[in-house]
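Data first, discussion second: the structure below is written as structure tokens.
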Amino acid sequence: MEISLPRIVNITGKPGLYRVITATKNSFVVESIEEKPKKMVVAATQRIASLNDISIFTVEDYIMLSEVFARMQSKENEHNPKEVGADNYAVMEYFENIVPEYDEDKVHPSDMRKVVKWFNLLRPFIDFVAYHEEQNKGKEAQA
């Protein structure tokens, strides 16, 4: 399965992540990213968020989810995201090691768990460090 971050979406009210196969004016055809992927049609009226557009609030501003994923990947040897469980304190400690500047009032443990879960799901398919570096090169070229 070919996976690229801009084509990965989260659908409000549905568990897991989905890869957009095609988009029409009124709907999307998506495929779940699971061991047994299944396809479905999602109405364009449903809340769909591309992981490429999601950001994490920080004390100063925000950082893009792709940067958080890149940080997680680069620190995998020090802090293994697969070891983070459901315990709020464990996930908060892990997240603080990855994004020490996160806004404690706006980023909740449930958000952190979701980020860790998504990272663990996508990590076998995407080199986040390389992707983040490529994104930064594109921004520098535009400036």
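None of the figures in this text is laboratory data; all of them are computed from the coordinates on show. Source: prediction; values computed, not measured. Backbone-built Cβ (ideal geometry, glycine too); neighbour counts: all protein chains shown.
Here is how the numbers come out for the structure above:
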read-out: Residue-span extension gain [ASP53 to VAL41] - 0.36 nm each, minus C-alpha spacing; value: 2.2 nm
read-out: Loop-exposed GluC sites (Glu not before Pro) per DSSP, neighbour cap 15 Cβ within 10 angstrom, longest uninterrupted part of the chain; value: 105-143
read-out: Those trypsin sites (Lys or Arg not before Pro) in segment 1-73 that DSSP places in a loop and that have at most 15 other beta carbons within 10 Å; value: LYS25, LYS38, ARG47
read-out: Entry for percent of Cα pairs over 18 Å apart (calculated from the structure that is shown) out of (i) 59; (ii) 68; (iii) 54; value: (i)
read-out: Net +/- balance of residues flanking HIS79 in space, Cβ distance below 13 Å, scoring K and R +1, D and E -1; value: -2
read-out: Under 13 Å from the Cα of LYS117 - aspartates and glutamates, other chains or at least 8 residues apart; value: GLU34, GLU83
read-out: Count, lysine Cα pairs under 22 Å in segment 1-100, 8 or more residues apart or across chains; value: 7
read-out: Potential extension, ASN97-GLU133 segment - 0.36 nm per residue separation minus Cα distance; value: 10.9 nm
read-out: Whole-number percent relative contact order across segment 45-129, with pairs defined as alpha carbons under 8 Å at least 6 apart; value: 34 percent
